[in-house]
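Read-outs: derived from the displayed coordinates by stated rules, not from any lab. All figures in this text were calculated on a predicted structure; none of them were measured in a lab. Glycine also receives a Cβ, built like all others from the backbone with ideal geometry; neighbour counts cover every protein chain displayed.
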Amino acid sequence: MTHPATPPRQQQFASDNYAGMCPNAARWFQEATASGHEPAYGDDGWTQRVSEALRELFQTDCDIYFVFNGTAANSLALASLCQSYHSVICTSVAHIETDECGGPEFFSNGSKLLVAEADSAAGRLGKLTPDAVEAMVTKRSDIHYPKPKVVSLTQATELGTVYTVEEVRAIAAIAKRRHLKVHMDGARFANAVATLGCQPSDITWRAGVDVLCFGGTKNGLPVGEAVVFFDRALSVDFAWRVKQAGQLASKMRFISAPWLGLLENDTWLANARHANAMAQRLHAAIRDLAGVQVLHEPRANAVFARLPPPAVTALRAKGWRFYEFIAGGGCRFMCAWDTTPESVDAFAADIAAALPG
């Protein structure tokens, strides 16, 4: 997306990817850079320590791999669950459907994404439902149709809603009955856990999730996502997939070490709680403004709202950046781990000033 020359802003609301590295992650990154020589390709002590810390976090013995970004995490995880003649059930707004450039299909040698009808009720936008999954699985069973193999859930969703523990369990129950695996795109998994107040295990393997792509980049890391296989049988040969895809970092400690900072003292959760709180602050500031239509109360770290086109133009002229294509004609305002109350208040004030009348 290109923007005209505008006054610089220190903080923006376009994406949590705009944010930098949180201090705890930076400290551990510096520790790793000063550690001298270490074994390559993930055999270093840093990567082993993080893997053990993640197993403790999820309270189970799981297989863990680190890749550079979310597209690789999702694409390679799904490829490990599917053959080329299989299909993956997801919603029309799932990141794997809209924003990964065909990566899941490419790395699985052609597995098709089956787009199911998402829930359209306020507060449940962008979610799969058990009925929608059942409808997709039973739609056809002949040999001319790509066989459903995986259900993919985005947690939190691309529209800022969050699956409850009960909702994940209900979908996973359908999946298991129909012999499907459950994949979770957790780019904003931390924000969902912060909202739900549950244990990470409650919303993943205890609820029936087989593999989680645990996002760190949007929550204070410089780079790197963790692919967590709760069903370890599904990760057979995954290391070769990572290598073939160009995702095997030779100096993996520089990806894994910042995770220690994120996991230390639940920094990952504190970061997510703060981002969520800033979204709530922004929502409270603009929800009653004449001319603003908030789509639903934020459940994670994003606010979705419709503004008059002249107001959008005025905000851009003042240097604010945000996305419009994600919210079906509305605007997405995304908060991050480092979003300040002052930035929220300044943005809200400019929204109010940009509205007609």
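Do any trypsin sites (Lys or Arg not before Pro) in the stretch 26-109 lie in a DSSP loop with no more than 11 other beta carbon atoms within 10 Å, and if so, which?
Values: sites: Arg27, Arg49, Arg55; in loops: none.
Sparse-neighbourhood loop trypsin sites (Lys or Arg not before Pro): none present.
Output the Kirkwood hydrodynamic radius of the chain, Cα pairs only, in Å rounded to one decimal.
On the way: mean 1/r = 0.0477 Å⁻¹.
Result for the chain stands at 20.9 Å.
Looking at the chain as a GNM with Cα springs under 10 Å, which of Lys127, Lys147, Lys243 has the largest mean-square fluctuation?
Top of the fluctuation ranking is Lys243.
Only four residue types carry charge here, +1 at the Cβ of Lys and Arg and -1 at the Cβ of Asp and Glu. Report the dipole size of the stretch 213-270 about the Cα centre in Debye, rounded to the nearest 20. Let's see the in-between values first.
On the way: 6 positive and 5 negative charges, 54 e Å.
With Lys and Arg at +1 and Asp and Glu at -1, about 260 debye.
Would you mind ranking Tyr163, Tyr145 by Cβ crowding within 10 Å, fewest neighbours first?
If I rank by nearby Cβ atoms, fewest first, I get Tyr145, Tyr163.
Tell me which GluC sites (Glu not before Pro) from the stretch 76-177 have a DSSP coil assignment and no more than 14 other beta carbons within 10 Å of their own. Present the calculation step by step, with values, prior to reporting the outcome.
On the way: sites: Glu97, Glu100, Glu105, Glu117, Glu134, Glu158, Glu166, Glu167; in loops: Glu100, Glu117, Glu158.
Within the stretch 76-177, the qualifying GluC sites (Glu not before Pro) (loop, at most 14 other Cβ atoms within 10 Å) are Glu117.
Provide the per-residue ³J(HN,Hα) series for the stretch 203-215, in order, calculated from phi with Karplus coefficients 6.51, -1.76, 1.60 and θ = phi - 60°, each as a whole number of Hz, with x at glycine and proline positions.
Values per residue, Gly and Pro as x: 9, 10, 5, 5, 8, x, 7, 8, 9, 10, 9, 8, x Hz.
Given a Förster radius of 51 Å and the C-beta distance between Glu117 and Ala34 as r, what FRET efficiency does 1/(1 + (r/R0)^6) yield to the nearest 0.05?
Working: r = 53 Å, r/R0 = 1.03.
In this case the efficiency is close to 0.45.
With runs of 4+ DSSP H residues as the only contributors, calculate the mean residue ellipticity of the chain at 222 nm using -39,500 (n - 2.57) per run, divided by the residue total and rounded to the nearest 500. Walk me through the numbers on the way to the answer.
On the way: 13 runs with 137 residues, N = 357.
That comes out to -11500 deg cm²/dmol.
Which entries in Lys149/Lys243; Lys127/Lys149; Lys176/Lys218; Lys112/Lys243; Lys181/Lys243 show an alpha-carbon gap greater than 21 Å?
Values: Lys149/Lys243 24 Å; Lys127/Lys149 19 Å; Lys176/Lys218 31 Å; Lys112/Lys243 23 Å; Lys181/Lys243 24 Å.
Those over the limit are Lys149/Lys243; Lys176/Lys218; Lys112/Lys243; Lys181/Lys243.
When the Karplus curve 6.51 cos²θ - 1.76 cosθ + 1.60 is applied with θ = phi - 60°, which whole-Hz ³J(HN,Hα) does each residue of the stretch 331-341 get, with x for Gly and Pro?
Those phi angles translate into 10, 10, 10, 9, 9, 10, 4, 10, 4, 9, x Hz.
So what is log10(I(q)/I(0)) for the stretch 110-197 at q = 0.14, 0.15, 0.16 1/Å, when the Debye sum runs over its Cα atoms only?
Log-scaled intensity ratios, in q order: -0.49, -0.56, -0.63.
Give the shape of the stretch 167-237 as rounded, prolate or oblate, defined through the alpha-carbon gyration tensor: a ≥ b ≥ c are the square roots of its eigenvalues, a/c under 1.5 means rounded, and otherwise the shape is prolate if a/b is larger than b/c and oblate if not.
Values: a/c = 2.56, a/b = 1.34, b/c = 1.91.
Taking the square roots of the gyration eigenvalues as a ≥ b ≥ c, the stretch 167-237 is oblate.
What trypsin sites (Lys or Arg not before Pro) in the stretch 132-161 are in a loop by DSSP, with at most 14 other Cβ atoms within 10 Å of the Cβ? Kindly include the intermediate steps, with their values, before the conclusion.
Values: sites: Lys139, Arg140, Lys149; in loops: Lys139, Arg140.
Of the trypsin sites (Lys or Arg not before Pro), the ones in loops of the stretch 132-161 whose Cβ has at most 14 other Cβ atoms within 10 Å are Lys139, Arg140.
At what distance in angstrom do the alpha carbon centres of the stretch 30-99 and the stretch 140-165 lie from each other?
Each part reduced to its Cα centre gives a spacing of 20 Å.
In terms of the Cα gyration tensor, with a ≥ b ≥ c the square roots of its eigenvalues, is the stretch 272-357 rounded because a/c is under 1.5, prolate because a/b exceeds b/c, or oblate?
It comes out prolate by the Cα gyration axes.
Full-extension gain between Lys176 and Glu264, please, as 0.36 nm times their residue separation minus the C-alpha to C-alpha distance.
On the way: separation 88, 0.36 × 88 = 31.68 nm, distance 3.45 nm.
Difference between extended and current length: 28.2 nm.
What is the antiparallel percent of DSSP beta bridges lying wholly in the chain, to the nearest 5? Could the numbers behind the result be given before it?
On the way: 16 of 34 bridges.
Close to 45 percent.
Fewest to most neighbouring Cβ within 10 Å: what's the order for Thr340, Thr157, Thr60?
Thr340, Thr60, Thr157
Shape call for the stretch 1-91 from the C-alpha gyration tensor, a ≥ b ≥ c root eigenvalues: rounded (a/c under 1.5), prolate (a/b greater than b/c) or oblate? Intermediate values should be presented prior to the final figure.
Details: a/c = 2.24, a/b = 1.11, b/c = 2.03.
Since a/c reaches 1.5 but b/c is at least a/b, the shape of the stretch 1-91 is classed as oblate.
Can you compute the charge dipole magnitude of the chain about its Cα centre, using +1 on each Lys and Arg Cβ and -1 on each Asp and Glu Cβ, nothing else charged? Give it in debye, rounded to the nearest 20.
Details: 33 positive and 36 negative charges, 105 e Å.
Approximately 500 debye in magnitude.
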